[in-house]
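Have a look at the structure below, then the notes.
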Amino acid sequence: MNYEIVVGLEVHCQLNTESKAFCGCSAKFGKSANTNVCPVCLALPGALPVLNARVVEDAVKLGLATGCTIARHSILARKNYFYPDLPKGYQISQYEEPICSEGMLHVETDEGSKDVRLVRIHIEEDAGKSIHDIGDDTYIDVNRCGVPLLEIVSYPDMRTSKEASAYLQKLRQIVKYLGISDGNMEEGSLRCDANVSVRPVGATEYGTRTEIKNMNSFRNVERAIEYEAKRHIEVIEGGGVIVQETRLWDADKLETRSMRGKEHAHDYRYFPDPDLVPVLVDDGMMHRMREELPEFPEDRAARFVSEFGIPAYDAGVLTVERELADYFEATLNVSGDAKASSNWVMGEVMRTLKEKYLDIHEFAISPERLGGLIKLINAGAISNTIAKQVFELMQEDEATPEAIVEREGLAQVSDTGAIEASIKEILDANQKQLEQYRSGKAQLFGFFVGQCMQKMKGKANPKVVNDILKSMLEG
Amino acid sequence: MSVTKENVAYIAELARLKFTDAEQEKMTSELNMILHYIEKLNEVDTEGVEPLSTIHDQINVLRADVEHTPLSNEEALRNAPDKQDRFFKVPKVIG
C-alpha cells in the first residue's frame, strides 16, 4: 500500500528582547548561570509579573506577516506542571484567546508551492535549563526562565519532510526580516516539535500521530520526520498500532525513541492568570505595527528585478537574508552598478562568508568599501583580476580600496609604451607560436595576451593589450 | 457537580501530594461541600455575560523593554535548600 505522510509543526521562537517577558532581567543568551534572575523569575513569594510591551508588539507583527487574525482582546493563562527548571510550578502561556489565529504561510519546495495554514500564534515564557549529565544530581540554571517565546502552531498541512523543512525555513526568514528573533536553531532560539502520522493515499481520516522533539537543525527535522513516518508504516504493515506518544530524536543514532515512563499524564489545568490583566490591541497599535513591517523577501526581490534590472535568480539569492539584501543595496548605492554589485556580493562576498563561517554583519569589508572597489574597476583604474587581490587585502585592514591600490602599486597600466615593450619581448621569446599564429592558428591570440598579463603582473589594461597586440601581430 | 475519591487521588498526584486513605475520604467530602456551596452561583442568569478572566478593570499593564537585573548569583542562591557552584541542585530528574 502507498502511504502519505502528514506533518504539523509547533515552533517556538525566542524573541530577541532586551529583557524577559514578565520581569526586567536580561534575556540574553550565554550569561553565567543564575545571574539573569530576580524575584519574579525565581518565583519568590509575592513577586508579580508585568508583561513586556515589546513581546505584544512582536506577536502582532508576526501575526500580520503571516496573515493571522489579531485578537483585539487576549488573555494570559497558567499552564500547570511540575519540573525543577520551572520554579513557579506553572508556565505563563496563552490558551483560550491567543493573540493571533488562523494565518497562512506560503512555502516553496522543488516539488512546487504550498500554503500551510496556521492554527495560532501565542505568547509564552521559556523554562530554565536542567543539566543532568554532571554527577548524581540535576543542576538548575534559571537564566532562561521567563525569556519570551512565540509559539507558532500549524495545521497538519505538510505532506513531505521537505515541505516541513521549507515551512520552518520560511518562518525563520520571516522572524529574521521582522527583526524579532535571531532564528538560530543551534542555539535554540528556533525550536521545532513535529506531529507526524501516516495514512493510505486517498484516505481522509488522519492516522494516530506521534510528537517528535529535540531536532536542532533543518536537516534533522527532515531526517526525523522521514524516520518516524517509515517507522509508522512498518508498524502498521506489521499489523501493529501506533501509540500516541512523545518521542525524542537522537541525532547521533539517527532514530526516534519513546520517552515512555519519563512523562506524566498531560493535564495542564490551564486557567487565566489572575496576576496579569488582559491585553488589548487597539487600532492605533495595529496601525503602528503595520507601519513598522519591513519589505518582505518576495517584494524586495521583485523590486530588485524591476528597479535594478538584475536577474530574478540573483534577486532571490540576495534577499534570502535581510542583512545580505541590505548589504547589497548599500554596495549598489556607492558603486552605482547593480549587476557588478550583485556579482560581487553573490560571488566573492558569499564565498568568503562560507569559507570563514561568518555572518554578513561580521564581514570585514563594509558595503561602502566594496562599492568603492567596484567604482575603481568601472573607472578603469584596476582590472577585475587585480580587484580580487585588492578584495583579499581589504579583509585585512580598514584602508580604502584606493589606498590599497596605491600602497601595493596595483594600479592598472594603460601606458602604451610600457605595454608595447613587454609585448615585443614576448613575441621575440615565442617565435614558434608567432609563426603558427601567422600561418592561421588564430586561437594563439589568447596565449599572447596571457603571457603579457603575466609579465605585467596582471596590471596591464586588457583593452590596451588587445589593441596593441593585434596591430603588432598583423605587422 | 461533585468529585469522587478517584478524582481526589488524581488531583493529589498532579499536585504531588500524598494522602492516606482516610485523608482522601475527608478531602473528598470537604471538596464536595465547597463545590456544592459554589453551585449556588448557578442560580444566577449569566445569559449574554462575557466570562471574566480577571477581577481588575485594568487592561494593558505593560512595561517598556528595559533591562534591569537586580540580583547577584549569591543573592539568588541564598535561600536554596541545596546548591553547588553557581547552580541550584535538585535530586536527579532523569536517570
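Criterion first (more than 14 Å from chain A (Cβ to nearest Cβ), under 24 Å from A:Leu276 (Cβ atoms) and among the hydrophobic types (A, V, I, L, M, F, W, C)) does B:Val44 satisfy it?
On the way: more than 14 Å from chain A (Cβ to nearest Cβ): yes; under 24 Å from A:Leu276 (Cβ atoms): no; among the hydrophobic types (A, V, I, L, M, F, W, C): yes.
It is false that B:Val44 is more than 14 Å from chain A (Cβ to nearest Cβ), under 24 Å from A:Leu276 (Cβ atoms) and among the hydrophobic types (A, V, I, L, M, F, W, C).
Residue-by-condition table, conditions (1) within 14 Å of chain B (Cβ to nearest Cβ); (2) surrounded by 12 or more Cβ atoms within 10 Å (Cβ to Cβ); (3) among the hydrophobic types (A, V, I, L, M, F, W, C):
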site: A:Arg257; (1), (2), (3): yes, no, no
site: A:His266; (1), (2), (3): yes, no, no
site: A:Tyr270; (1), (2), (3): yes, yes, no
site: A:Leu280; (1), (2), (3): yes, yes, yes
site: A:Met286; (1), (2), (3): yes, yes, yes
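What is the residue count in the stretch A:27-40 for residues that are buried (at least 19 other Cβ atoms within 10 Å of the Cβ) and over 9 Å from B:Ala76 (Cα atoms)? It would help to see each step written out before you state the result.
Here is the first cut: in the stretch A:27-40, the residues buried (at least 19 other Cβ atoms within 10 Å of the Cβ) are A:27, A:33-34, A:36-38, A:40.
When the remaining residues are screened for being over 9 Å from B:Ala76 (Cα atoms), the result is A:27, A:33, A:36, A:40.
So the answer is 4.
Taking the stated definitions as given, is A:Ala330 modelled with pLDDT of 95 or more and either open to solvent by less than 60 Å² (accessible area, probe 1.4 Å) or in the same structural domain as A:Gln169 (by TED's automatic domain parsing) (or both)?
On the way: modelled with pLDDT of 95 or more: yes; either open to solvent by less than 60 Å² (accessible area, probe 1.4 Å) or in the same structural domain as A:Gln169 (by TED's automatic domain parsing) (or both): yes.
The answer is yes for A:Ala330.
Provide a single number: the residues in the stretch A:82-98 that are under 20 Å from A:Pro39 (Cα atoms), out of contact with any Lys or Arg (no Cβ under 6 Å at 6 or more places or on another chain) and among the hydroxyl-bearing types (Ser, Thr, Tyr).
Qualifying residue count, the stretch A:82-98: 1.
I'd like to verify a number: residues in the stretch A:119-139 that are under 28 Å from the mean Cα position of the chain (by Cα) and part of a loop (DSSP other than H, G, I, E, B), how many?
Count: 3.
Note down all Cβ pairs under 6 Å where the first residue falls in the stretch A:290-315 and is under 14 Å from A:Gly179 (Cβ atoms) and open to solvent by 60 Å² or more (accessible area, probe 1.4 Å), the second is of a type outside the set (Gly, Ala, Ser) and part of a helix (DSSP H, G or I), and they're at least six residues apart or on different chains.
none
Inspect the stretch A:100-122 for any residue being crowded, with 19+ Cβ neighbours inside 10 Å, touching a residue at least 24 places away in the same chain (Cβ under 8 Å) and within 14 Å of chain B (Cβ to nearest Cβ) and give the result as yes or no.
Looking for residues that are crowded, with 19+ Cβ neighbours inside 10 Å, touching a residue at least 24 places away in the same chain (Cβ under 8 Å) and within 14 Å of chain B (Cβ to nearest Cβ), one finds none in the stretch A:100-122, hence no.
Do any residues in the stretch A:67-88 that are under 17 Å from A:Ile152 (Cβ atoms) and away from chain B (no Cβ under 13 Å) have Cβ atoms under 7 Å from those of residues that are aliphatic (A, V, I, L, M) and surrounded by fewer than 17 Cβ atoms within 10 Å (Cβ to Cβ), where the two are at least six apart or on different chains, and which pairs are they?
From the stretch A:67-88, the pairs are A:Gly67/A:Met104; A:Ile70/A:Met286.
Restricting the search to the stretch A:395-420, which residues are closer than 22 Å to A:Val464 by Cβ, at pLDDT 85 or above and open to solvent by 50 Å² or more (accessible area, probe 1.4 Å)?
Within the stretch A:395-420, A:Glu402 is the sole residue that qualifies.
Working carefully through the options A:Arg247, A:Arg219, A:Arg223, find the one that is crowded, with 19+ Cβ neighbours inside 10 Å, out of contact with any Lys or Arg (no Cβ under 9 Å at 6 or more places or on another chain) and in the same structural domain as A:Ile174 (by TED's automatic domain parsing). Can you show your working first?
Numbers: A:Arg247 fails: out of contact with any Lys or Arg (no Cβ under 9 Å at 6 or more places or on another chain); A:Arg219 fails: crowded, with 19+ Cβ neighbours inside 10 Å.
After ruling out the rest, the residue left standing is A:Arg223.
Quick one: which helices (runs of 4 or more DSSP H) lie wholly within the stretch A:410-469 and hold at least 1 residues that are closer than 15 Å to A:Ser383 by Cβ? Walk me through it before giving the result.
On the way: elements: A:416-429, A:431-438, A:445-455.
Filter on the stretch A:410-469 gives A:416-429, A:445-455.
From the list B:Asn32, B:Asn73, pick out the single residue that is open to solvent by less than 70 Å² (accessible area, probe 1.4 Å) and at the interface with chain A (Cβ under 7 Å from one of its Cβ atoms). Before you say what the answer is, go through the steps one by one.
Working: B:Asn32 fails: at the interface with chain A (Cβ under 7 Å from one of its Cβ atoms).
Answer to the check: B:Asn73.
The values are calculated or read from the model by the stated rules, or taken from the named source; none is laboratory data. None of the values given here were measured: they were computed from a predicted structure. When we count neighbours, we look across all protein chains shown, and the Cβ atoms used for this are built from the backbone with ideal geometry, even at glycine. Each accessible area value is taken on the protein alone, full model and side chains, heavy atoms only, with ligands, DNA and RNA left out. Shrake-Rupley method; radii C 1.70, N 1.55, O 1.52, S 1.80 Å.
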